[in-house]
Every structure is written in C-alpha cells, then in structure tokens.
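Peer 1: I'd like to ask some things about the structure below.
The values are calculated or read from the model by the stated rules, or taken from the named source; none is laboratory data. Small disclaimer: the values here were computed from a predicted structure and weren't measured. Neighbour counts run over all protein chains shown; Cβ positions are idealised from the backbone, glycine included. In case anyone asks, the SASA skips ligands and DNA or RNA and just uses the protein heavy atoms, side chains included. Shrake-Rupley method; radii C 1.70, N 1.55, O 1.52, S 1.80 Å.
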There are 2 protein chains.
Amino acid sequence: MSDVRESADPGQGLTAAAFAPHDHKRCRVEGLARAEAVAATEGLRLTAVRRRALEILLEAHRALGAYEVLDRLAADGFGRQPPVAYRALDFLVEHGLAHRIQRLNAYTACMNPGRRHAPLFLICRACNAVAEAGGTRVRTALEGVAAEVGFAVERASVEAVGLCPACRQAGGA
Amino acid sequence: MSDVRESADPGQGLTAAAFAPHDHKRCRVEGLARAEAVAATEGLRLTAVRRRALEILLEAHRALGAYEVLDRLAADGFGRQPPVAYRALDFLVEHGLAHRIQRLNAYTACMNPGRRHAPLFLICRACNAVAEAGGTRVRTALEGVAAEVGFAVERASVEAVGLCPACRQAGGA
DNA sequence: CCTTGACGGTTACACTGTAACATATGCTAT
DNA sequence: ATAGCATATGTTACAGTGTAACCGTCAAGG
C-alpha cells in the first residue's frame, strides 16, 4: 500500500500515466506515429478506416464501445454498419495496436504497441478512465499458477475495477 | 478490498482440480452443501430458482451462458424470460456462489464459496473447460502495480485462455 | 486483359442484457 | 389476525453487442 502519487515510473515500463494530467494532443500524435512505425516494420496495411479508428481511440482517451467508434467513423464518411467498426477494431486488436476491455465491452488504444507486453487495465468506476499498466510481475505470477496445474497460457486479460487517484481524493467512495 | 484470506494450503491453495478427472456428482452435492452453509451463516435466501440455477452450473461443470441456464430453468418449470436467469445468476455472483467469466459471457459455479478469495480462471480453448484457481500471488502482484500509480483495486478479474493439460497432450495445437 | 485476394460496404440476423411493470409470498408491527 | 411493507418471481418489450453472408471495388501479378 505504498502511496505513490505521480512519480516517474520505476522500471517495468509502466504506461499508466493515463491517470496523471497530460497533453492529449501529443498522445494522439505519438500514438499514430508509433502505429505507423509498427505497421511499416510488420508489413501491415494501416488503411484509412483502420487508421481513423485508431485515431478515434487515441483522441477519446478512454475506452469506447464499438458503436461509439462506428458513429464517429460514419460521421467521417465511412460506412455506418457494425461490421465496419468491428473489422477495424479487430484488426487493431489483433496486431496489438488496441486492446479490448472485456468488462466494458469496449476498446482502447494500446499505449505501447510493437513491444510484446502483458497489459493490465485499471478501470476507474467513478470517472471511467482506463489506464493500461505494463510490467511482467502479474504475468509471471499468472504463469506460475498455471504451470502448477499444467495449463499453458496463451493470452490473458487482467482487469481491475476501482478508484483512480483523482477520484479517490475526491472521496469517490 | 485488498484483504484476501486464503486457506492454509501449501503453495497457493489451488482449487483448479477441474482439469483432473474427478467425480462430478460429488462436485454437485458438495457444491450445494457449501452453498447451503454459506447461505445459512450469511442469512441469504437461497430460493428455489437460485438453488436450481446453482445446481445447473455445478452439473454442467463448465461455464454456461445465461440463456443456457435459462433454458434449463424453464424446462424445470421456472419462468422462461431472460430476467429470471439473470436475476438468479446475479444473486449467485453477488454472494460469491458463482463467478462470471467475462471473456465467455458465461457463468460458472464457485468452487470455494464462503471464503473471500481472488479467483483466477483458466479457460481451455480446445475443450472449453474452465478451472478456477485460487491463490494470492497474482492478486498481490496486481495490487503492487496498482499501488504504484495510486489506484485502489476493488474487484479484479483475471482470465487466461490457453490449453488445459489434457488438450495439450492431445496435441491441441 | 483477367484473375486473385484483401478490403470495405451492405442487409439481415443472432446473441446478450435490462427497464418497467404486475403478481405472489412472506415478514412485521399493531 | 391483518394491514402494510419488502422481497422475489413472473411478464412484455426493448436496448446493446456482435456476426454471417453477400457484393462491388481496387491493386498486384500472370
């Protein structure tokens, strides 16, 4: 229970800065740049819809439902039927450019694309912010438990619901 | 809630015996008995529908969708509209007698009711078996990461998809 | 040119979950 | 006992989430 406010993260490559105030615009620009880089090195086709879908997630800076993404895509002149959004989102998730938050039936841009990572999500029940935390500790623990029963983990989702620092302070009980 | 009281089992108190061959009937009988005990000590009303819903989960011994549970309830003379199943399942989950598997939109009986625990689910993608593992290691790691960014975890879901021992051996590529 | 394959668009539908209201059951205070 | 209240079960109707299947477009390559 060590109280850490917003110190620079120690090792672990934490990315959960989402809870700290920051410059959204930079988030979007850098996020897109990272995605472009990943797409280039992996030979992915980051088409217009896909690119725009990712941009929408980066701008929102919170988890968006597929239909929310769809609305924005439609507003930009893309198709307005569900598969349009689902296909773009599936693509992004499959290639590690976005994540699906099971608990919310929603999607969020990946803050750390390109590197293999075992993301973990912190979902604030008061303000709905979603932070992606990195780090191997949880994954290692999970692998350990699985190994004890002979289970081979391929993919894992770890999602915690609670209160973010700001909402805690605001007495978000 | 960060206080997780686990059994005194050596090595994490695993309960993931689900992957090992075992006597289903006993599972059901003992599961019901445990639930009765919990209901008694906590003053819960384990009514006919609720009890039957739990029994259905225990019998299936895998995760069931709400509508699957509903079908069986209806076949037993209970209502045949969705809220019937959802209410029973919500009750069971709320009181720790069952768990919801987010990834599958499904429910499974709790193998360890009564005690506060931080369950973790191992989902075999080949045979669809779901094992509930206990243990504090993963939870502790999660709390640690959360604490670093000042996030207060209230509830967490940890779900891993992969291959169970049997399917691994069967070359479940 | 013409085939091939990926992509994006559509229609139509399936699955999952909930709001709101009506009825029954059981407890409690008088 | 019974009136009043809370809880539980049942209903109808609908909202939200996700997918199957088909079709036209377009770029790459024989």
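Peer 1: Any idea of A:Asp76's accessible area? Nearest 10 Å², probe 1.4 Å.
Peer 2: Its heavy atoms expose roughly 70 Å² to the probe.
Peer 1: Using helices alone, what [θ] at 222 nm do you get for chain B, with -39,500 (n - 2.57) per DSSP H run of 4 or more residues, divided over all residues and rounded to the nearest 500?
Peer 2: After summing the helix terms and dividing by the residues of chain B, the value is -13000 deg cm²/dmol.
Peer 1: Right, another one. Once you average over the residues of B:67-75, how many Cβ atoms of partner chains fall within 10 Å of each Cβ? Before the final figure, lay out each step's value.
Peer 2: Working: counts 0, 0, 0, 0, 0, 0, 0, 0, 0.
That works out to 0 on average.
Peer 1: Sorted from largest down, give the three principal axis spans of the alpha carbons of the range B:127-173, whole angstrom values.
Peer 2: For the range B:127-173, the Cα extents along the three principal axes come out at 44, 16, 15 Å.
Peer 1: Relative to the compact globular guide of 2.2 N^0.38 Å, what is the alpha carbon radius of gyration of the protein assembly as shown, as a ratio?
Peer 2: Working: Rg = 21.4 Å, N = 346, 2.2 N^0.38 = 20.3 Å.
Cα Rg divided by the expected 2.2 N^0.38 Å: 1.05.
Peer 1: Counting only other chains, and only Cβ atoms inside 10 Å, what mean value do you get across the residues of A:114-122? All intermediate terms of the calculation are to be shown ahead of the outcome.
Peer 2: Values: counts 0, 0, 0, 0, 0, 0, 6, 1, 9.
Whole-number average of other-chain Cβ neighbours for A:114-122 is 2.
Peer 1: Kindly state, to the nearest 0.05, the FRET efficiency for B:Ala166 paired with A:Asn128, given R0 = 41 Å and r defined as their beta-carbon distance.
Peer 2: Here the calculated transfer efficiency is 0.50.
Peer 1: Which listed residue (A:Pro119, A:Gly171, A:Gly144) has the Cα farthest towards the positive end of the charge dipole for the range A:36-173, taking +1 on Lys and Arg C-beta and -1 on Asp and Glu C-beta about the Cα centre?
Peer 2: My answer, from the dipole projection, is A:Gly171.
Peer 1: Residues of A:159-171, mean number of Cβ from any other protein chain within 10 Å of their own Cβ, rounded to a whole number?
Peer 2: What the average comes to for A:159-171 is 4.
Peer 1: Which translational diffusion coefficient, to the nearest whole µm²/s, is obtained for the range A:17-173 from the Stokes-Einstein equation, given a Kirkwood hydrodynamic radius over C-alpha pairs, 37 °C and 0.692 mPa s? Kindly include the intermediate steps, with their values, before the conclusion.
Peer 2: Details: Rh = 16.6 Å.
Here the translational diffusion coefficient equals 197 µm²/s.
Peer 1: While we're here: Once A and B are treated as a pair rather than alone, how much accessible area drops out, both sides summed, in Å² to 100, probe 1.4 Å? Before the final figure, lay out the partial values.
Peer 2: Details: alone 10750 and 10080 Å², together 17100 Å².
Roughly 3700 Å² of accessible surface disappears when A and B pair.
Peer 1: Further question on the same structure: Quick one: accessible area per residue over the range A:16-169, 1.4 Å probe, rounded to a whole number of Å²?
Peer 2: I get 47 Å² per residue for this part.
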